[in-house]
Amino acid sequence: MTWCEVTFESLYATPSRNGVYKSKEHHGSGVPIVNMGEMFAFDRIGNQPMSLIQMSDAEMEKSGLADGDLLFGRRSLVEEGAGKCTIVRDPSGPLTFESSIIRVRLNQSLADPEFYFNYFRSPVGRSKIQAIVGGAAVKGIRGSDLKEIKVHLPDLSQQKAIRMVATNYDDLIATNQRRIGLLEDAARRLYREWFVHLRFPGHEAVSVVDGVPQGWAAGKAYDFIAVLSGGTPKTGVEHYWGGDIPFFTPKDSPDSFYVLATEKVLTDMGLANCNSRLYPKDTTFITARGTVGKIALAQKPMAMNQSCYALAPKSGYDRLFLFLAIREAVEHFKQVASGGVFDAIVVDTFKTIPFILPQADVTLVFGDKVRPVFEQIETLLLQNRNLAQARDLLLPKLMSGQLDVSSIALPEENAI
């Protein structure tokens, strides 16, 4: 199937526009503004929490956002951020965008916004964006170059059919993400019910003195957590890298509880030549330098670098209890870590964080209760990874016209 190519500008409903820049006194109230942080974090933007900026009606007329608008990252410190495409979907109210972003509003009688959103996140569209990226320390694109790139133009019915295939995958991923959020909230609530509000099974028969149930103890995090270090093998030694052992670093910190995969992987020789051991599944990692206090649970055995700690329970405490206890206390860690030349958590930090130490058998009962929730979260995360991989394999062929969409089986929702 051969599609004609047209200049991107020929599909515009209005000229492209850079976002707004205002001094500090205009920030803090008014209209939500899309910043580069949202561009990096979300493919679709509409109702996420955002910073606010004061805008007049005339300014909103020029620089407001509407459903279906495409946003392109105009400047970025990393090359993959320059020209990144995001779509505005179902905003609940007025919305604007910052000066590091270019808005493109398409003529929807010619161009389906979702089709072109997928087009620009496929290798076909990304290659066209990368061809116009310039700059040294800061990478960027210009609206004057963006409008001149050549894009494929299927007829509108084909665009919508192709969009439906990709959208089905995205919708299932989004549904699973909502389920994951609910499950994670349920796990946190159960932890707080038992160990913050002290309504654990049998609590009615246990006396509490100074906030500590009988048989429990007031202590510090270090009293029940073993704090274990990591390390990095030499980066220039080729046979240390590229194996099948996940190597966790702060960059791998997930949005969800579990980290499924890591950017770097070690060989057995690489593991033998660094200061990290292979930590088992359900080990809690905490980032300790730079961006501190990111908490992750290993979905499979992993090694880690020296910017993190692996945490293991002492005295038979349950691993999932430990993970949720650390998440509950993470703000304490961040407060203690702040104020130096750079933020850092050290082993002695764990000796300053107050903890009520339950009886170990209570944490084991808790672990049995909460483990099915974690298993569902893990299953949904793996499903999402598989859905994303299938979508990403399809996108290049869909966006180049190599596949007839009528022959593609859509993904089915999996019951949990």
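Screening PHE323 on (1) in contact with a Phe, Trp or Tyr (Cβ under 8 Å, 6 or more places away or on another chain); (2) over 29 Å from TYR240 (Cβ atoms); (3) at pLDDT below 95 shows it passes everything except condition (3).
Identification of helices (runs of 4 or more DSSP H) wholly contained in segment 67-161 with 1 or more residues that are among the small types (Gly, Ala, Ser) and surrounded by fewer than 22 Cβ atoms within 10 Å (Cβ to Cβ) yields 123-130, 143-146. Between GLN402, GLN359, GLN376, the distinction of being modelled with pLDDT of 90 or more, of a type outside the set (Phe, Trp, Tyr) and over 24 Å from the mean Cα position of the chain (by Cα) belongs to GLN359 only. Just one residue in the set LEU260, LEU324 is surrounded by 23 or more Cβ atoms within 10 Å (Cβ to Cβ), in the same structural domain as GLY219 (by TED's automatic domain parsing) and out of contact with any Ser or Thr (no Cβ under 7 Å at 6 or more places or on another chain); that residue is LEU324. Within the set GLY73, GLY134, the sole residue that is among the small types (Gly, Ala, Ser) and free of Cβ contacts under 8 Å to residues at least 12 places away in the same chain turns out to be GLY134. Of note, LYS294 does not satisfy the criterion of being exposed (fewer than 14 other Cβ atoms within 10 Å of the Cβ) and in the same structural domain as ILE225 (by TED's automatic domain parsing). Pairs are defined by a Cβ separation below 9 Å, a sequence spacing of at least 6 or placement on different chains, a first member in segment 245-263 that is in contact (Cβ under 8 Å) with a residue 60 or more places away in the chain, and a second member that is among the charged types (D, E, K, R) and in a strand (DSSP E or B); the pairs so defined are PHE248/LYS264. Tell me yes or no: at least one residue of segment 177-194 is over 30 Å from TYR317 (Cα atoms), assigned to a helix (DSSP H, G or I) and modelled with pLDDT of 95 or more. So far as segment 177-194 goes, no, none of its residues is over 30 Å from TYR317 (Cα atoms), assigned to a helix (DSSP H, G or I) and modelled with pLDDT of 95 or more.
The values are calculated or read from the model by the stated rules, or taken from the named source; none is laboratory data. This one's a predicted model, so the numbers in the text were calculated from it and none came from an experiment. As a convention, Cβ positions derive from the backbone with ideal geometry for all residues, glycine included, and neighbour counts pool all protein chains shown.
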